[in-house]
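The values are calculated or read from the model by the stated rules, or taken from the named source; none is laboratory data. Note that the structure is predicted; figures quoted are calculated from it, not measured. Here the Cβ is made from the backbone with ideal geometry for all residues, glycine too, and neighbour counts use every protein chain on show. Areas reflect the complete protein model, heavy atoms only, side chains present, ligands, DNA and RNA absent. Shrake-Rupley method; radii C 1.70, N 1.55, O 1.52, S 1.80 Å.
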Amino acid sequence: MKYFSFFLFLALLSSTMSAAGTGNDSFCNIIPVPEHYEHLDGSFIIPECGLTFRISGSEQAASSDELESFADYLKKLPMGEAGSRKKASVEFRFMTARQSGLREESYRMKVSQDRIVVEASSVSGAFYAVQTLAQMTYLWKLHEISCCMIEDSPRFSYRGMHMDVSRHFRSKEFIMKQIDAMALMKMNRLHLHLTDGAGWRMEVESYPRLTEFAAWRLQRKWSDWVSSGSEYCEKGTPGAYGGYYTKADLKEIVSYAEARHIDVIPEIEMPGHSEEVLAAYPELSCSGRPYADSDFCPGKEETFRFIEDVLTEVMEVFPGEYIHIGGDEAGKNSWKTCPDCIARMEREGLEGVDELQSYLVHRVEEFVNSKGRRIIGWDEILQGGLAPNATVMSWRGTEGGLQAISSGHDVIMTPVSHCYLDYTQDAPFREPVSMGGYLPLEKVYSYEPRESSMSDEDMKHLLGVQANLWAEWVKEDSHAEYMYYPRSAAIAEIGWSRPENRNYEEFRARAGRFTALLREMGYNAFDLSEEYGNRRESLDTLVHLASGCPVDYKILYAPNYPGTGDSTLTDSFFGGWSYGDGRWQGFRSDIDMVVDLKKNTPIRYIGVTFMQQTQAWVHMPVIVRISVSEDGISFVPVAEVPNDVPGDCERLLFKTFQAVCNVKARYVRIQAENLREETWLFTDEIVVN
């Protein structure tokens, strides 16, 4: 068996340290929390002359190319050459999995008073040990590390972060900066959402109009672009906003990520979210006209030639295992009347447009598989039957993921309820305008990917988790970083650390130090010490006349926003900042309901609160009518309260429609008129006093 050995001499740059502890506090800086940590007596003192690294081990554990890349990475750390050749401060020992008992990406590290020894069965494991050291030393600024023994291994093989560069183009440098943060958090998949209706972002030589036209628009703000007709413009148009990556740019990003043990997964949307393609190449749509359709026409062979040509160029740039094909939110309405689609369904014996979408996904998968790659799609690719080898990314809750696992498919969990970072992370009145909703760090961290129904066999198909940031309302790079950190660190810890090792209060303290470190590094991370928290009204239990009383719904609430069911509006709790928190009840209609107070009672006040979040089509009612009755049959009007909240405000707003009265009644009726058919009404508690 051959062994290799060489030295690398590096010295830490001198620095002062103000935001983290020393010595016994070293463990408190580590995210994700290690699988096993044992504190030992004493400290390792980094000499003023710097650290010396030594790499040794078996060629069966790591190739010479991998070692060379690892050594190059070490050289680029914030250090300069120095030190003595006589003694290694840090020794990396590479052994086979059989020799070490360590799996891929795992490492074992012992910090003694005289040296640090790292054992790994792969270069990725040694790389993650370096990330742990970087955090323990507060990015190489501390000169004292607690003596300890760490044995660490990831829970899941897929630990991802998603970046939407379609709605707002991000520079190559910005992406590489986030790759550095991902590596520090031991995340290993970067999902690049390269195409969508808002812009095409990858150079494709065989279809130049994708970047000459479909990558540009006149409006910088996404909502302005939508309201102005969602049209594109030529690349050289004065004021054109957008951009794209050349193949050289993307290869540089891929190479940068590979050196940090991160695979870049490109997403090319199909069949929906393809307005930009169909504006540039309208012959690929059902109508053949630009700006008429949003879905590819699967009835035309030209569509499949386009997809295969594009994916061929994509796979030349991205060498990883996975190609993401989207598959979400396809309207498919034009397919129902398209002669080409109807003919395709008849020829292939397909029943309906869902099976036609499945046909498209199957054909694309066969092509991708023929190139030695695999596809990932959002959970809508389950519609009409899942392609044989497809991996499902479950976002509309976890049901799609569970369905895919039950049929033997691999799954990545990224439910909107816990993993969508485009929702505000603190009180919306203090935050930049976002998609709406409220997703604080604590809720993100509470997510457990393993459902109670999953068996150990099922868990073999659960690859991991991913943090998603959609950019409709996130136009500035600094805003994107603000939304990513520290919530992506919570996802990183969920993906790496075992549930029994996770504790939110401990994580929050570590996350506070981690975000302080990120800010020192130049990231615009959210400051946890300034967190306001949930809506104050939601923190207390109410006591009022309607508490616990039954509600008769003349028009039933929407099944996907039931709150806690029929008791929601009299359960003595106001909702929080988000309509999806389980305390708000949603209606895609008018509202008509009656509260039974169980006996005739003097009433002085009746109030019902609504929210407005226009980005999510949540609006105030046009008018709220309040009436009362002693017998439940004849109702006497008490008040008609019109809405006075502007409908074009992008901020989250609340309004209590209320009546001050002097009546005696048993029944209270609330009627609210919805603005229009496609908007939502959300209310949280009917208060009677």
Output for segment 656-669, where each listed residue is exposed (fewer than 15 other Cβ atoms within 10 Å of the Cβ) and among the charged types (D, E, K, R): Lys664
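So which residues in segment 179-232 are more than 18 Å from Val314 (Cβ to Cβ) and among the acidic types (Asp, Glu)? Lay out the reasoning, then the answer.
Of the residues in segment 179-232, the ones more than 18 Å from Val314 (Cβ to Cβ) are 179-188, 197-198, 212-213, 216-232.
The answer is Asp180, Glu212, Asp224, Glu231.
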Enumeration of residues in segment 34-78 that are surrounded by fewer than 20 Cβ atoms within 10 Å (Cβ to Cβ), among the hydrophobic types (A, V, I, L, M, F, W, C), in contact (Cβ under 8 Å) with a residue 60 or more places away in the chain and not in a strand (DSSP E or B): Ile46, Ala71, Leu74, Leu77
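Based on what the data block shows, is Thr679 surrounded by fewer than 22 Cβ atoms within 10 Å (Cβ to Cβ) and under 21 Å from Ser538 (Cα atoms)? Walk me through how you get there before you give the answer.
On the way: surrounded by fewer than 22 Cβ atoms within 10 Å (Cβ to Cβ): yes; under 21 Å from Ser538 (Cα atoms): no.
Judged against the criteria, Thr679 is not a match.
Given the options Val111, Val130, name the one that is among the β-branched types (Val, Ile, Thr) and closer than 19 Å to Met187 by Cβ. Break it down into steps so the answer makes sense when it comes.
Details: Val111 fails: closer than 19 Å to Met187 by Cβ.
Sole residue among the options that is among the β-branched types (Val, Ile, Thr) and closer than 19 Å to Met187 by Cβ: Val130.
Identify, from the list Gly377, Gly352, Gly385, the residue that is of a type in the set (Gly, Ala, Ser) and either in contact with a strand residue (DSSP E or B) (Cβ under 6 Å, 6 or more places away or on another chain) or without any contact (Cβ under 8 Å) to a residue 12 or more places away in the chain (or both).
Result of the check over Gly377, Gly352, Gly385: Gly377.
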Conditions (1) more than 30 Å from Asp180 (Cα to Cα); (2) touching a residue at least 12 places away in the same chain (Cβ under 8 Å); number of the one not met by Gly320: (1)
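Answer yes if at least one residue in segment 526-534 is in a loop (DSSP other than H, G, I, E, B) and farther than 30 Å from Gln135 by Cβ, and no otherwise.
Residues of segment 526-534 that are in a loop (DSSP other than H, G, I, E, B), as a first pass: 526-527, 531-534.
Subsequent filtering for residues that are farther than 30 Å from Gln135 by Cβ retains none.
No, that holds for no residue.
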Which numbered condition Lys336 misses (of (1) among the charged types (D, E, K, R); (2) open to solvent by 50 Å² or more (accessible area, probe 1.4 Å); (3) touching a residue at least 60 places away in the same chain (Cβ under 8 Å)): (3)
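Say we look at segment 274-302 and pick out the residues that are in a helix (DSSP H, G or I) and touching a residue at least 24 places away in the same chain (Cβ under 8 Å); which of these is most open to solvent (accessible area, probe 1.4 Å)? Don't jump to the end; show me each part of the working.
The first filter runs over segment 274-302 and keeps only residues in a helix (DSSP H, G or I), leaving 275-280, 282-284, 301-302.
Right, trim to touching a residue at least 24 places away in the same chain (Cβ under 8 Å) and you get 275-277, 279-280.
On the way: Glu275: 66, Glu276: 2, Val277: 2, Ala279: 13, Ala280: 17 Å².
Only one residue tops the list, namely Glu275.
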Filter result (open to solvent by 10 Å² or more (accessible area, probe 1.4 Å) and at pLDDT 95 or above) within segment 84-112: Glu105, Arg108, Lys110, Ser112
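Please count how many residues of segment 392-431 are part of a loop (DSSP other than H, G, I, E, B) and out of contact with any Phe, Trp or Tyr (no Cβ under 7 Å at 6 or more places or on another chain). First the steps, then the outcome.
Narrowing segment 392-431 to residues part of a loop (DSSP other than H, G, I, E, B): 395-398, 407-410, 414-415, 421-423, 425-427, 431.
Keeping just the survivors that are out of contact with any Phe, Trp or Tyr (no Cβ under 7 Å at 6 or more places or on another chain) gives 396-398, 407-410, 431.
The qualifying residues number 8.
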Hits in segment 288-320 (condition: in contact with an Asp or Glu (Cβ under 7 Å, 6 or more places away or on another chain) and either at pLDDT below 95 or farther than 18 Å from Ser230 by Cα (or both)): Cys297, Gly299, Lys300, Glu302, Glu313, Gly320
Members of segment 655-689 that are under 27 Å from the mean Cα position of the chain (by Cα) and of a type in the set (Phe, Trp, Tyr): Trp680, Phe682
Residues of segment 495-507 classified as under 18 Å from Tyr37 (Cβ atoms) and buried (at least 16 other Cβ atoms within 10 Å of the Cβ), total: 5
Top-ranked residue of segment 517-529 - restricted to ones that are without any contact (Cβ under 8 Å) to a residue 24 or more places away in the chain and open to solvent by 60 Å² or more (accessible area, probe 1.4 Å), ranked as nearest to the chain's Cα centre (by Cα): Arg519
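Quick one: would you say Ser171 is within 17 Å of Glu269 (Cβ to Cβ) and of a type in the set (Gly, Ala, Ser)?
Details: within 17 Å of Glu269 (Cβ to Cβ): no; of a type in the set (Gly, Ala, Ser): yes.
In short, no.
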